[in-house]
Structure formats: C-alpha cells, structure tokens
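The values are calculated or read from the model by the stated rules, or taken from the named source; none is laboratory data. Everything numeric here is computed off the predicted structure, so don't read it as measured data. Note that we place each Cβ from the backbone using ideal geometry, even for glycine, and neighbour counts take in every protein chain shown.
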Amino acid sequence: MHKTIHEQKTLLLNTTPYTINIIRTSRRKRSIALSIPSHENITIRAPLRTTIQEIDTFLSQQTNWLIKKIIVLQNYAALKEEHKKNLDLTPYSKQQILTKFLERATFWSTQLKVEFKKLLLSNAKKRWGSCTAENVIRINAVLIKVPVELLDYVIVHELCHVRHKNHSPYFWKMVASVMPDYQTRRNQLNQLGCSLL
Ligand SMILES: [Zn+2]
C-alpha cells in the first residue's frame with residue numbers, strides 16, 4: 001500500500017504569507033521537488049521519509065527562486081485579469097486602431113530599414129499577425145488592448161518577415177537588433193494569448 005501525508009505550511013516571502021502544500025508520499029523515491037503552476041498553488045513533493053527539517057532546508061535554499069517566480073506569475077495574472085475585462089473593442093473605432101498600428105509600424109520600419117506595402121487589421125482567432133509574400137502586413141485588432149511594448153513586438157516580428165520569410169536565426173537576429181528583450185515580450189503575449197484570442 002502507498003502512503004501519503006498531506007500538510008500545509010505558511011511561508012513568509014517579502015512579508016507576504018504564502019501557503020505551501022507539502023505532500024510526502026511513498027510513491028516518490030528520491031528527490032524533493034517544488035512546483036508552482038500559479039502563485040496561489042505552491043507544492044512540494046517529497047519521499048515519505050523526508051523530515052520537516054529537510055523540507056525547511058530545501059525551502060530556504062529555494063527562497064530567491066521562489067520569490068522571482070511568484071512575482072512573474074502575479075504580473076501575468078494581473079495582466080490577464082485586466083485584459084479579460086477589456087476584451088470588447090467598442091471604445092475604439094477601426095480607424096483609431098489602424099492609425100495607432102500604422103504609427104508604430106512606420107516608426108519600426110524606419111528603425112529596421114524595411115518597407116511594407118500595406119497594413120491591414122485582422123480579427124484572426126489564432127494569430128497576432130502575418131506578412132504576405134507581397135509584404136502586406138496584418139495585425140490583429142485585439143492588440144489595441146495590450147501594452148504598447150507587446151504590440152510593438154508583433155509589429156517588429158512581421159516587419160522582419162519583409163526581409164526574412166521564415167524564422168531562421170537571421171530573422172531572430174534582425175528582431176533582436178532593434179528589440180533585445182523580444183523574448184520577454186513574446187512570453188508575456190503568449191501568456192495573454194488564451195484570454196485575448
Ligand atoms: Zn513569424
């Protein structure tokens with residue numbers, strides 16, 4: 001028979017208390033593992049014979065990592081909430097959205113030294129943007145709702161496709177040349193993805 005002990009422990013991180021679920025189980029043979037799928041769900045899994053002292057030592061070694069992870073997850077959760085509330089595009093007219101997108105695209109095309117033929121709005125269900133063989137760029141209208149840094153990432157991405165019609169290392173090098181932190185922006189956008197599209 002397998003044996004499992006469930007416990008909870010409160011950990012103070014930067015003066016905020018967090019509940020840690022501790023699961024000690026005979027199903028687990030070796031290492032202690034920490035999982036944090038959201039800032040409200042922190043779980044430690046350990047072999048049954050692990051003592052609470054060992055778990056405390058493990059936790060204290062992971063504190064810095066845990067704090068960083070919680071901050072990132074909290075930011076994402078806040079952004080997601082914000083954008084769920086704002087999904088409706090009605091306060092913006094198509095013309096307003098297009099004007100804003102064109103303004104950003106013009107700025108970035110100068111930075112990148114590329115020219116696009118035309119910019120159109122899209123309402124695709126699964127894409128942020130696209131760039132045709134003829135360099136017609138489409139940007140998802142819903143991006144009017146996200147912070148401009150994330151809109152800029154999509155615009156830069158599509159503008160780089162004017163030169164590189166693929167995602168080769170040359171393509172990503174071009175993106176990074178004007179936006180060194182593009183990976184962070186892309187991650188944030190992907191996190192928002194399900195609530196926006
Ligand atoms: Zn692409």
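Just to be sure, is Phe101 under 22 Å from the mean Cα position of the chain (by Cα) and either surrounded by 11 or more Cβ atoms within 10 Å (Cβ to Cβ) or in the same structural domain as Tyr153 (by TED's automatic domain parsing) (or both)?
The answer is yes for Phe101.
For (1) surrounded by 14 or more Cβ atoms within 10 Å (Cβ to Cβ); (2) polar (S, T, N, Q); (3) part of a strand (DSSP E or B), each residue gets a yes or a no:
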| site | (1), (2), (3) |
| --- | --- |
| Phe116 | yes, no, no |
| Ser130 | yes, yes, yes |
| Arg138 | yes, no, yes |
| Ile144 | yes, no, no |
| Lys165 | no, no, no |
| Val175 | yes, no, no |
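Scan the range 141-185 for residues that are small (Gly, Ala, Ser) and modelled with pLDDT of 95 or more and jot them down.
To start, the set of residues in the range 141-185 that are small (Gly, Ala, Ser) comprises 141, 168, 176-177.
Hits for the range 141-185 are Ser168, Ala176, Ser177.
So Leu159 ticks every box in (1) under 18 Å from the mean Cα position of the chain (by Cα); (2) in a helix (DSSP H, G or I); (3) within 14 Å of the ligand (Cβ to nearest atom) but one. Which box is left unticked?
The one condition Leu159 does not meet is (1).
May I ask you to list the residues in the range 74-128 that are modelled with pLDDT under 95 and of a type in the set (Lys, Arg)?
Lys80, Lys84, Lys85, Lys94, Lys125, Lys126, Arg127
Is at least one residue of the range 21-31 within 30 Å of Val148 (Cα to Cα) and touching a helix residue (DSSP H, G or I) at 6+ places or on another chain (Cβ under 9 Å)?
No, the conditions are met nowhere in the range 21-31.
Examine the range 131-139 for a residue that is under 20 Å from the mean Cα position of the chain (by Cα) and closer than 23 Å to Gln188 by Cα, and state whether such a residue exists.
For the range 131-139, residues under 20 Å from the mean Cα position of the chain (by Cα) and closer than 23 Å to Gln188 by Cα: present.
Would you check if there is a residue in the range 87-104 being within 16 Å of the ligand (Cβ to nearest atom) and over 19 Å from Met174 (Cα atoms)? Quick ask: steps written out before the conclusion?
Filtering the range 87-104 for residues within 16 Å of the ligand (Cβ to nearest atom) gives none.
No, that holds for no residue.
Go through (1) more than 15 Å from the ligand (Cβ to nearest atom); (2) among the hydroxyl-bearing types (Ser, Thr, Tyr); (3) in contact (Cβ under 8 Å) with a residue 12 or more places away in the chain and name the single condition Thr184 misses.
So the condition that Thr184 fails would be (3).
Determine whether Lys126 is within 16 Å of the ligand (Cβ to nearest atom) and on the phi < 0 side of the Ramachandran plot.
Answer is yes for this residue.
Read through the list (1) within 13 Å of the ligand (Cβ to nearest atom); (2) within 30 Å of Ser38 (Cβ to Cβ), then give the number of the only condition that Lys165 fails.
Unmet condition: (2).
Taking Ala133 as the residue in question, decide whether it is at pLDDT 95 or above and either within 16 Å of the ligand (Cβ to nearest atom) or closer than 20 Å to Asp181 by Cα (or both).
Taking the combined requirement at face value, the residue satisfies it.
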